[in-house]
Amino acid sequence: MLVAWGSYCLYATEPDWEFIKEQDGIRLYRRDVPGTNIDEFKGETVIDARIDVIGMALRDVPAYPTWMPDCRQIRFVEKFDEENFILYQIQNAPWPVIDRDAVVKVSTIIDWEAGRFTVTLQDIEDPRVPPVPNLVRLAHLSGQWHVEFLDREHSRVTYTFTADPAGALPINMVNANLQKAPYTTLQGLRHIVRDPIYIEAANQSQGKQMLERSIKLGYLTVQG
């Protein structure tokens, strides 16, 4: 989702990424997060879709539960524009853990001339969405989508994510669940961008016009 979500964690010297494995064309990495035993995870892959089509899929927040793993419910709290908003989401947790919720600010930076956009996700407190019974509010959530133009039909997508689920949960279990997030989320995105709804919406979008202009002016190059 819709990491976003600048950088969501700024450190004077950030730890290096450690490669974990490659599965189905998705490369997975982890790194330490200073001050906590909870790790940050990253997935990188190439998706057979235009960057503007991916953008349309990420804008369609109500559809997230259909493709984003463990997303039980999601809604807008406030929408500033099509790329910047505040969300409330409920995440399914593995039994017998209580489901979690969070209020998340989503911020997007788009550079069509460079052929990329970044979506940053960051949990916030919002008095309009107080904690509710039978759910545990995440202590922390941050993530980022970074999508880059490769050519008219291919994009490089990087998704980073970490979260503190709060409560007395074993760290090994927390990190094991977090490690799955980039892989399953990128798999879901890879599937949903095939939907003709997003392809048609992108065809009519200003984003496609801006990309074609950047190609025509030589800012972006394509093969053939």
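The values are calculated or read from the model by the stated rules, or taken from the named source; none is laboratory data. All values reported here derive from a predicted model rather than from experimental measurement. When we count neighbours, we look across all protein chains shown, and the Cβ atoms used for this are built from the backbone with ideal geometry, even at glycine. Surface accessibility is based on the protein's heavy atoms, side chains included, excluding ligands, DNA and RNA. Shrake-Rupley method; radii C 1.70, N 1.55, O 1.52, S 1.80 Å.
Note on the stretch 128-224: semi-axes of the ellipsoid equivalent to its C-alpha gyration tensor, largest first and rounded to whole Å, are 37, 16, 13. On full extension, the segment bounded by Glu82 and Asn172 gains 28.7 nm, given 0.36 nm per residue less the C-alpha separation. Once all protein chains are placed together, Arg213 keeps about 120 Å² accessible to a 1.4 angstrom probe. A Förster radius of 25 Å combined with the Cβ-Cβ distance from Arg75 to Glu200 puts the calculated FRET efficiency at roughly 0.50.
Geometric descriptor of the chain, per residue, is 136 Å³ (volume of the convex hull of the Cα atoms). Per-residue extension of 0.36 nm, minus the Cα-Cα distance of Asp48 and Lys216, leaves a gain of 58.3 nm for this segment. Quick one: go through the stretch 83-102 and flag any residue whose amide nitrogen is under 16 Å from the point 7 Å out along the Cα-to-Cβ line of Lys180. Only 91-100 pass the distance filter. Rounded to the nearest 20 debye, the dipole magnitude of the stretch 92-196 is 220 debye, with +1 charges on Lys and Arg beta carbons, -1 on Asp and Glu beta carbons, and the Cα centre as origin.
Take every Cα pair under 8 Å whose residues are at least 6 apart in sequence, average their separation, divide by the length of the stretch 45-194, and the relative contact order is 25 percent.
Restricting the stretch 126-224 to GluC sites (Glu not before Pro) that sit in a DSSP loop and have at most 16 other Cβ atoms within 10 Å of their own Cβ leaves Glu153.
In a reduced charge model with +1 at each Lys and Arg Cβ and -1 at each Asp and Glu Cβ, the chain shows a dipole moment near 260 debye about its Cα centre. Farthest towards the positive end of the charge dipole of the chain, among the residues Ile47, Ile197, Gln209, is the Cα of Ile197, using unit charges on the Cβ of Lys, Arg, Asp and Glu.
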